[in-house]
1. For segment 137-192, enumerate the residues that are in a helix (DSSP H, G or I) and not aromatic (Phe, Trp, Tyr).
2. Could you please find all residues in segment 15-53 being at pLDDT 80 or above, open to solvent by 50 Å² or more (accessible area, probe 1.4 Å) and not in a loop (DSSP other than H, G, I, E, B)?
3. Could you look through segment 92-127, keep only residues that are among the β-branched types (Val, Ile, Thr) and at pLDDT 90 or above, and pick out the one that is surrounded by the fewest Cβ atoms within 10 Å (Cβ to Cβ)?
4. If you check residue 56 against the conditions, is it farther than 19 Å from residue 200 by Cα, in a helix (DSSP H, G or I) and open to solvent by 60 Å² or more (accessible area, probe 1.4 Å)?
5. crowded, with 22+ Cβ neighbours inside 10 Å, at pLDDT 90 or above and more than 26 Å from residue 64 (Cα to Cα), is that true of residue 137?
6. Could you give every pair whose Cβ atoms fall below 7 Å, whose first residue belongs to segment 154-177 and is touching a residue at least 24 places away in the same chain (Cβ under 8 Å) and within 20 Å of residue 143 (Cβ to Cβ), and whose second residue is among the polar types (S, T, N, Q) and open to solvent by 30 Å² or more (accessible area, probe 1.4 Å), counting only separations of at least 6 or pairs across chains?
7. Got a number for residues in segment 156-201 being in contact with a strand residue (DSSP E or B) (Cβ under 9 Å, 6 or more places away or on another chain), open to solvent by 70 Å² or more (accessible area, probe 1.4 Å) and within 18 Å of residue 133 (Cα to Cα)?
8. Taking residue 83, is it touching a helix residue (DSSP H, G or I) at 6+ places or on another chain (Cβ under 7 Å) and surrounded by 13 or more Cβ atoms within 10 Å (Cβ to Cβ)?
Amino acid sequence: MSGDREAVLARVRAAAGRRVPHPGVWEGAPGLTDFPAFARILAAVGGEAHGPLPERELPAALAAWADTRGAGRRVAAASAARRLCDPRWETLGEAVAPQALADVQVAVGVGCLGVAENGALAVLGRDVPNRALLFLAEHLALLLDVRGLVPDLHAAFRALPEGALAPPGLTWVSGPSKTADIEQTLVLGAHGPRSLAVFAFESTLRGG
């Protein structure tokens, strides 16, 4: 065993002497910044995409979607509540304990960026400070300004606003929670929401 170890280490030491030039900045794949491309990938990972919608149509569209997810408590992060201005949604305060969200049927938050290559959304901690909402709700909807679409994760990290990685940081969400660890059987909702919907909108607010 020790001989094999030394042989591996010798190969590592020999390879370490080679210098490989930096490949340069990844420019991204073309044709991946439109919403249909994002929607196709999101559907492939189990989510659903709606829009782009005029911002004024968001309350009706969200309410209609929530109605299909059954009766129960509906909660909106404050950032989403400001967009919706809809009394049908309970606005979530920052100081709510996670266990108080155990009965949330449908939740809505705001995504900062949408990544076309994998259908992921970046949700900033300052937009959804109580991150437990993203995992404890049975069904999750995220609002996304179409101006926040980027082709890949390289572009996404470059486009993150200043301070995005500082506490409380950000969360990447891509499709509903799912696992196939047990007997290779796909189960939705194992570690979080059973469904995810993204509602893309065209903003009418100055500066976003």
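1. Answer for segment 137-192, where residues must be in a helix (DSSP H, G or I) and not aromatic (Phe, Trp, Tyr): 146, 147, 148, 153, 154, 155, 156, 158, 159.
2. Once the filter is applied, which keeps residues that are at pLDDT 80 or above, open to solvent by 50 Å² or more (accessible area, probe 1.4 Å) and not in a loop (DSSP other than H, G, I, E, B), segment 15-53 yields 36, 40, 41, 43, 44, 48, 50, 52.
3. So the first thing to find is which residues in segment 92-127 are among the β-branched types (Val, Ile, Thr), and the list is 96, 104, 106, 108, 110, 115, 123.
Filter once more, keeping what is at pLDDT 90 or above: 104, 106, 108, 110, 115, 123.
On the way: 104: 21, 106: 27, 108: 30, 110: 24, 115: 27, 123: 26.
Across segment 92-127, the extreme among qualifying residues is 104.
4. On the way: farther than 19 Å from residue 200 by Cα: no; in a helix (DSSP H, G or I): yes; open to solvent by 60 Å² or more (accessible area, probe 1.4 Å): yes.
Answer is no for this residue.
5. Details: crowded, with 22+ Cβ neighbours inside 10 Å: yes; at pLDDT 90 or above: yes; more than 26 Å from residue 64 (Cα to Cα): no.
Judged against the criteria, residue 137 is not a match.
6. Listed pairs, sorted by first residue: 174/118.
7. Result for segment 156-201: 6.
8. Criteria met by residue 83.
The values are calculated or read from the model by the stated rules, or taken from the named source; none is laboratory data. As the structure is a prediction and not an experimental result, all values here were calculated from the model. Note that each Cβ is placed from the backbone with ideal geometry, even for glycine, and that neighbours are counted across all protein chains shown. Keep in mind that these areas ignore ligands, DNA and RNA; they rest on the heavy atoms of the full protein, side chains included. Shrake-Rupley method; radii C 1.70, N 1.55, O 1.52, S 1.80 Å.
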